[in-house]
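Written below as structure tokens is the structure these notes are about.
The values are calculated or read from the model by the stated rules, or taken from the named source; none is laboratory data. Remember, predicted model here, so these are calculated numbers, not experimental data. Virtual Cβ from ideal backbone geometry, glycine too; neighbours counted across all protein chains shown. To get the accessible areas, we keep the full protein, side chains included, count just its heavy atoms, and leave off ligands, DNA and RNA. Shrake-Rupley method; radii C 1.70, N 1.55, O 1.52, S 1.80 Å.
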Amino acid sequence: MPEAVSADAVAVALNTAWTLLAAFLVFFMQAGFALVEAGFTRAKNAANIVLKNLMDFAVASPAFWTVGFALMFGADTAGLIGTTGWFSQEAGFGHLDLSLPFLAFLMFQTVFAGTSATIVSGAMAERTKFASYLVFSAVMSMLIYPVVGHWIWGGGWLAQLGMLDFAGSTVVHSVGAWAALAGVILLGPRLGRFGPDGRPHKIRGHSVTLAALGVFILWFGWFGFNPGSTLAATDANIARIAVTTNLGAAAGALAALLAAWLKQGKPDVEAALNGCLGGLVAITAGTAWVSPASSIVIGGVGGLAVLAGTALLERWHVDDAVGAIPVHGAAGVWGTLAVGLFHEEQGLLFGGGSQLLVAQFIGVVAVAVWTFAASYVTFALIKATIGLRVTPQEEEHGLDLGEHDTVAYPEFVATAATAQEVAPLPSTPVMAPAPASARGGGD
């Protein structure tokens, strides 16, 4: 007769399979990011966009494996950074007391690191040097993201303060947004984004269809992102997390769509897509600790925060090509603070007092200061050495040609070239002035 398998061994096997499945879902979100970014930018930059989304994960994986994972989860005494386990040597992580194999945990954390890095690419799209972006991706995965991760998930000082972020509204999403903000400020707006009088000009992406497909993939992948963060198939709270994740996304889409509809008089496709992502980002921090009813409020406000953030960036003449900063930043900050309000045991609105809300606020501010400052210095060094922005000529003709000597749509280029022989096309795309509205794709 076969040897009986203990209940503990079965639990470990289930937890391992569940965590790896969730990691694979989160990895598939890279495809969602690629489609959202490509759809909400112009056809002449599509090949550059998809290559960046491939390569930032290819860069993030070894960077996180060699240094980032140790900084994030290694043992320490001061609560600032980990100092053991370089090159992800398992012997340096005995203090974690994992309920699944070490390498399964490493794989899950690696896909999260890749997610944070890829947020930056969308905001800085259509004018950033490819090599410069890869250098930043390495620094992001090796240093900037892991430090925040240690503070909150690795037992660092914010965790000791009591801050909670279940699946990464701040650790993953706000970190990506603050880094992106530093980058776009140093980079400057795209050609033609703002007129001589300062009025914003909307630069439309080439395929709402691709962007929508990307949002569907991201929504699907988020069921690995949030429920998978239990790291345990034996955790019955997975069901609550799946429901609150789904309701947060739906509420974000509905709130943003209705708000844009009331303002513009028509239902705005891009607002709904952006709002859905904002709802997902917002619910991510508290998804395990809030009720389904609360998740609707959190997700709905997250969708509205995206619209407000988009308008604010336009007012400040900050050009985020796909709306990554409002989606991951504005909604991420709100979602993190919302834990302090809606946590069913510690939330202010549920009789838990203000202690958690204060801890959440301190965490939001500390992460913003560290991430923005470290990213700004990194981008400034890149700008002063290898350069950050492509030439005006390369930007006008598209990064596909200038950076990669290729085109994403050769048939389109051939048709345009034929038409140009008959009637020369304008050198820059025709853009109509547009009000500050919810466009982009949140990356």
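Laid out as a table, the results:
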| quantity | calculated |
| --- | --- |
| Estimated inter-spin distance, H404 and L103, nm [label 7 Å along Cα→Cβ] | 3.2 nm |
| √(5λ) per eigenvalue of the Cα gyration tensor, the range 122-280, largest first, Å | 30, 25, 14 |
| Normalised per residue, the volume of the convex hull around the Cα set of the chain (Å³) | 157 Å³ |
| Protein-only accessible surface order, largest first, of T84, T378 at 1.4 Å | T84, T378 |
| Most mobile listed residue (L399, L186, L143) in the chain, GNM with C-alpha springs under 10 Å | L186 |
| Cut-off of 10 Å, at most 16 other beta carbons, DSSP loop: longest stretch of the chain lacking such GluC sites (Glu not before Pro) | 4-343 |
| Descending semi-axes in whole angstrom, ellipsoid equivalent of the range 238-289, from the Cα gyration tensor | 25, 8, 7 |
| Angle in degrees between helix 102-123 and the longest Cα principal axis of the chain, rounded to the nearest 10 | 30 degrees |
| The range 57-175 - convex hull of alpha carbons, volume per residue in Å³ | 96 Å³ |
| Compactness of the range 202-276 as Cα Rg over 2.2 N^0.38 Å, two decimals | 1.34 |
| When the convex hull of its Cα atoms is projected in every direction, mean area for the range 27-118 (nm²) | 6.6 nm² |
| Stretchable slack from L134 to A239, in nm (0.36 nm times residue separation minus alpha-carbon distance) | 34.0 nm |
| Sites excluded, trypsin sites (Lys or Arg not before Pro) in DSSP loops with at most 16 other C-beta within 10 Å, longest stretch of the chain | 205-443 |
| Whole-number accessible area per residue in Å² for the range 234-317, which is evaluated in the context of all protein chains at 1.4 Å | 38 Å² |
| Ordering of 226-238, 6-18 by packing [mean C-beta count within 10 Å, highest first] | 226-238, 6-18 |
| GNM flexibility winner over the chain from A338, A63, A131 (Cα, springs under 10 Å) | A131 |
| Solvent-accessible area per residue, Å², over the range 46-93 with all protein chains present [probe radius 1.4 Å] | 40 Å² |
| Accessible surface of the chain [probe 1.4 Å, protein heavy atoms]: carbon and sulfur percent | 71 percent |
